[in-house]
Amino acid sequence: MSVIAPTYTAPILSQTLRARLAPLVSPLRRVTPRVPFWHLAAHRLPTLWSLYRGLLRAAPSNEIRRQVSARFRQKRHLTSPHQTKTEMLKAYRLLDVCHLAKTGNAHAKTLLSRYSGLILAREEKEKWMRAALDAKREMDWLRNRPIVTGYFRPSLYNKPLPRLKPQPAHISMMIRKRRRNRATRAEQYAQSEEWRGFALREVDFERKLSQEVLRTGNDDAGKENSNETSTQPPFEPHWLGEIEAWNMHMREHQRWLRQTFTADAERLFSSFSPRLIECVAAARREKVLNKIRERQREMKGEVLKRTIERARRGLPAWLLHRMSPKKIKLVSVAKSSISEVGYIGHAKKTLGWKVKEDPWRMEDGPEDDQERLSVVETEIKNENQRRRKNWERAAR
């Protein structure tokens with residue numbers, strides 16, 4: 001047997017008190033707006049006309065005005081009420097300091113002056129940082145800029161192109177994309193031919209089946225009623241009436257595929273343009289001149305990448321096995337530079353390499369210039385002694 005709980009009814013005095021408190025509490029209830037706060041006029045008007053405009057007018061220097069404008073542009077996408085409130089409190093504190101400085105407050109003036117100096121120093125640092133980054137970017141581009149080293153022969157995937165080193169990514173991706181698309185089109189053409197063969201075989205099968213059913217139906221009808229013959233097949237063919245539409249669709253698709261293959265063939269048999277030929281020829285001439293300039297720099301004593309690679313390039317093992325340690329040392333010294341003077345020239349002459357003049361005579365200088373060289377040597381020694389004495393005196 002179920003028991004029904006008694007219904008609670010508030011006393012009359014409590015109901016009257018609730019009725020009196022309801023109109024007082026309802027306006028205090030928090031109401032979530034239906035639109036974002038940055039669309040509300042209660043937020044936009046005070047922020048733009050009182051805060052932002054007031055900061056621009058009260059700022060004592062152009063540096064602070066630029067900082068205020070940049071800060072507002074940077075934070076204009078904030079959608080968090082908490083973060084927006086934090087940034088607005090900072091701006092209102094700055095506005096209060098600006099108003100105090102206008103009334104003559106010395107502390108506020110000092111704060112704004114120091115703030116302007118900090119902004120100016122940071123802008124100067126950022127300017128030099130941007131200049132350094134731009135210079136580095138320019139050096140990186142010059143170090144890795146593409147240079148013409150030859151040409152690409154025409155193929156199914158590209159016309160004649162200059163061969164660049166390093167090769168730009170868009171050329172590699174173009175060739176890769178065309179390779180993939182051609183393979184896909186070849187598969188589509190083969191699949192279309194296969195489907196077309198299936199359709200033709202289905203048509204031939206339905207035609208033969210219709211004739212066989214028609215013949216069988218006529219024979220059965222003749223047996224039952226020799227005066228009546230049936231010419232209607234007992235089934236509806238599917239491909240006999242629609243083969244032209246299917247053929248038209250597949251032929252159109254195959255025609256488009258053949259056009260793309262023709263375009264690939266035209267790309268394969270395209271000729272070199274005179275501009276490309278002249279560009280490649282100029283690049284080859286420049287390469288020879290560059291190697292000549294590189295050798296001249298090495299002759300002056302500059303150590304280049306080519307110099308280091310040649311010095312590190314050793315002899316084969318079968319040849320090292322036949323040479324003495326002294327000869328191996330002479331070979332390593334001779335291969336370390338293209339110079340023909342001093343000990344390097346002496347090593348080359350000892351090995352029997354072709355050397356233009358006596359290495360030691362070239363090292364000591366021409367005979368008719370010995371007097372001037374002696375004076376220069378004396379001046380250098382005196383200057384070195386003077387610098388050593390000054391350094392020892394300063395070290396004490």
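Some points to look at:
- Among residues of the range 318-338 that are under 13 Å from Lys349 (Cα atoms), those with a beta-carbon under 8 Å from a residue that is open to solvent by 60 Å² or more (accessible area, probe 1.4 Å) and assigned to a helix (DSSP H, G or I) at least six positions away or on a different chain give the pairs Leu330/Thr350; Val333/Tyr343; Ile338/Arg295; Ile338/Met299.
- Residues satisfying the stated conditions in the range 23-73, i.e. aliphatic (A, V, I, L, M), surrounded by 10 or more Cβ atoms within 10 Å (Cβ to Cβ) and not in a helix (DSSP H, G or I): Leu40, Ala59
- Residues of the range 277-310 classified as surrounded by fewer than 12 Cβ atoms within 10 Å (Cβ to Cβ) and assigned to a loop (DSSP other than H, G, I, E, B), total: 3
- Unique residue being within 30 Å of Gly150 (Cα to Cα) and not basic (Lys, Arg) when the list is Val333, Val303, Val341, Val375: Val303
- Close contacts from the range 94-114, counting a first residue that is under 17 Å from Leu51 (Cα atoms) and among the charged types (D, E, K, R) and a second that is open to solvent by less than 40 Å² (accessible area, probe 1.4 Å) and modelled with pLDDT of 90 or more, with Cβ to Cβ under 9 Å and a gap of 6+ residues or different chains, come to Asp96/Ala108; Lys102/Ala58; Lys102/Ala108.
- Residue count, the range 60-91 (criterion: under 20 Å from Leu118 (Cα atoms) and touching a residue at least 40 places away in the same chain (Cβ under 8 Å)): 7
- Qualifying residue in the range 263-276 (condition: of a type in the set (Asp, Glu), touching a residue at least 60 places away in the same chain (Cβ under 8 Å) and open to solvent by less than 100 Å² (accessible area, probe 1.4 Å)): yes
- Annotation: of all residues in the range 190-201 being in contact (Cβ under 8 Å) with a residue 24 or more places away in the chain and open to solvent by 60 Å² or more (accessible area, probe 1.4 Å), the one that is nearest to Leu268 (Cα to Cα) is Glu193.
- Test: Arg388 is over 17 Å from Glu298 (Cβ atoms) and either under 55 Å from the mean Cα position of the chain (by Cα) or small (Gly, Ala, Ser) (or both): yes
- For beta carbons closer than 9 Å, sequence separation of 6+ or different chains, a first residue in the range 373-396 that is among the hydrophobic types (A, V, I, L, M, F, W, C) and a second that is open to solvent by 90 Å² or more (accessible area, probe 1.4 Å), the qualifying pairs are Leu373/Asp364.
- Qualifying residue in the range 331-341 (condition: of a type in the set (D, E, K, R) and closer than 24 Å to Leu304 by Cα): yes
- Taken over the range 143-160, residues that are out of contact with any Cys (no Cβ under 8 Å at 6 or more places or on another chain), open to solvent by less than 80 Å² (accessible area, probe 1.4 Å) and either of a type in the set (S, T, N, Q) or not in a loop (DSSP other than H, G, I, E, B) (or both) amount to 6.
- Flag if Trp239 is farther than 30 Å from Pro146 by Cα and assigned to a helix (DSSP H, G or I): no
- Of the candidates Lys389, Lys356, Lys349, the single residue that is of a type in the set (Lys, Arg), out of contact with any His (no Cβ under 7 Å at 6 or more places or on another chain) and more than 27 Å from Thr307 (Cβ to Cβ) is Lys389.
Listed here are the residues, each with its yes/no results for (1) surrounded by 13 or more Cβ atoms within 10 Å (Cβ to Cβ); (2) part of a helix (DSSP H, G or I).
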site	(1), (2)
Met139	no, yes
Pro162	yes, no
Ser172	no, yes
Val203	yes, yes
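- Residue match in the range 79-95 (condition: surrounded by 13 or more Cβ atoms within 10 Å (Cβ to Cβ), within 37 Å of the chain's Cα centre (by Cα), assigned to a helix (DSSP H, G or I) and hydrophobic (A, V, I, L, M, F, W, C)): no
The values are calculated or read from the model by the stated rules, or taken from the named source; none is laboratory data. Keep in mind it's a predicted model, so treat the numbers as computed, not measured. Using ideal geometry, Cβ is built from the backbone for each residue, glycine included, and neighbour counts are taken over all protein chains shown. Just so you know, the surface numbers come from the protein's heavy atoms only, side chains and all, with ligands and any DNA or RNA stripped out. Shrake-Rupley method; radii C 1.70, N 1.55, O 1.52, S 1.80 Å.
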